[in-house]
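Everything on this sheet refers to the single structure shown next.
The values are calculated or read from the model by the stated rules, or taken from the named source; none is laboratory data. Every value quoted in this text rests on a predicted model; they were computed, and no experiment measured them. Note that each Cβ is placed from the backbone with ideal geometry, even for glycine, and that neighbours are counted across all protein chains shown. Protein only, heavy atoms only, side chains kept; ligands, DNA and RNA dropped before computing areas. Shrake-Rupley method; radii C 1.70, N 1.55, O 1.52, S 1.80 Å.
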Amino acid sequence: MDFNVKKLASDAGVFFTRAVQFTEEKLGQAEKTELDPHLENLITRADGTKNWTEKILRQTEILLQPNPIDHTGARIEEFIYDKLDKKLPSRMTNAELLGQYMLDAAKEFGADSPYGSTLITVGEYQRRLGGAEREFMQTSAAAFLSPLRNFLEGDWRTISKEKRLLENRRLDLDICKARLKKAKQAEAKAAAAPDFQETRPRNYVLSASASAAEHELRVAQTEFDRQAEVTRLLLEGISSTHLNHLRCLQDFAEAQTTYFTQCHHYMQELQRELHRCANAVGAPHSSVASSNPAFPSERSSPGASFSSCDPNPGPLSMEPPATGTRKAKVLYDYDAHDASELSLLADELITVYTVPGMDPDWLVGERGNEKGKVPVTYLELLS
């Protein structure tokens, strides 16, 4: 108990002395030992890395889970399962939940009704979108968020501890410098105005005090230099941290690209499904194409007939008929899936016609020197 009290008093004295030194430095009343410029640059770089890593980590978490309440709950749930050393259960995304609601609603309204069948179609694609989103979130958390969080909770804590220790060693060094300076000033003053009755003992005491201060200064300088070297080695590891975060960032961008590509693909498929459903409810395209006088039966060159389901479609080789062509306005963007199709941009005008044996859901489209199959559902025929 006695020892603990003495240690507590000693620690309190050291803390007070450091606080006085720090305050005097801030007020310009004490000299401060400046760190090596290279070490200062490393500290500045490390502090910037820590601050920006925190911001990027926090904003990425918000991106993956926009709702702050859900985000906080997810973090608490993740913390609890981590402490229990259990695997975090998979959670449904908002898109998956919406898709499930649509499928449940279709059962009640009737899957054979137009509304019910459309709910089933849209619901299935919402579930696909939600699955892609969940996979993206899991990949991003493992490949990007975890390394950033590990740096902040691991490496940075070690660096912060060593930086604080370096600052304490610097304060101790400056305290020793101040003591030595005061001791030498007192010794010089005593030598300039000696007291003839107590000259020898007083000079002896002052000389011993200066010697002790010099010894303390040498010890403090050694500890400061050792701690500065340890801190420098740790801070130079920030370059490796940047390389690691660079790889994680590339993985995150790749996962994001995959996610948006999947979403784009799913939405294109959904759009085609919805147009197909709408055409099934309304006038079928087959009857329009066969009865419309703008598309008479023309004789075409051999090989002109093709189907949209052809597994190995090649470039079109038919010649446009002399009559029977019409102008059409493109309603939606369309990306060609193979060389036999023509990519479309919304609101552009193209020339279209049909040939014998062609799938009724498709027409031949021409734009300048480009030619290819185009889906009828993406067009508005003009008179």
remark   = Counted residues in segment 237-247 being of a type in the set (Ser, Thr, Tyr) and open to solvent by 60 Å² or more (accessible area, probe 1.4 Å) come to 1
query = What number of residues within segment 183-206 are in a helix (DSSP H, G or I) and at pLDDT 60 or above?
reply = 10
task = Would you check which residues across segment 341-377 are of a type in the set (Ser, Thr, Tyr), surrounded by fewer than 19 Cβ atoms within 10 Å (Cβ to Cβ) and in contact with a strand residue (DSSP E or B) (Cβ under 7 Å, 6 or more places away or on another chain) and list them?
result = Ser343, Thr351
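Each row is one residue, and each column tells you yes or no for (1) farther than 30 Å from Glu135 by Cα; (2) in a helix (DSSP H, G or I); (3) in contact (Cβ under 8 Å) with a residue 12 or more places away in the chain.
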site: Ala213; (1), (2), (3): yes, yes, yes
site: Leu235; (1), (2), (3): yes, yes, yes
site: Thr241; (1), (2), (3): no, yes, yes
site: Arg247; (1), (2), (3): no, yes, no
site: Asp251; (1), (2), (3): no, yes, yes
site: Gln256; (1), (2), (3): no, yes, yes
request  = Go through the residues of segment 311-327 one by one and say whether even a single one is at pLDDT 85 or above, under 23 Å from Asn279 (Cα atoms) and open to solvent by less than 20 Å² (accessible area, probe 1.4 Å).
outcome  = no
request  = Note down all Cβ pairs under 9 Å where the first residue falls in segment 337-350 and is on the phi > 0 side of the Ramachandran plot, the second is open to solvent by 40 Å² or more (accessible area, probe 1.4 Å) and in a loop (DSSP other than H, G, I, E, B), and they're at least six residues apart or on different chains.
outcome  = Asp347/Leu331
query = Out of all the residues in segment 248-278, which are of a type in the set (D, E, K, R) and surrounded by fewer than 13 Cβ atoms within 10 Å (Cβ to Cβ)?
reply = Glu254
ask   = Wholly within segment 60-144, which helices (runs of 4 or more DSSP H) include no fewer than the required count, namely at least 3 residues that are modelled with pLDDT under 85?
value = 68-83
remark   = The one condition Arg170 fails out of (1) out of contact with any Ser or Thr (no Cβ under 6 Å at 6 or more places or on another chain); (2) surrounded by 16 or more Cβ atoms within 10 Å (Cβ to Cβ); (3) not acidic (Asp, Glu) is (1)
query = Can you name the condition, by its number, that Asp335 falls short on among (1) modelled with pLDDT of 80 or more; (2) surrounded by 11 or more Cβ atoms within 10 Å (Cβ to Cβ)?
reply = (2)
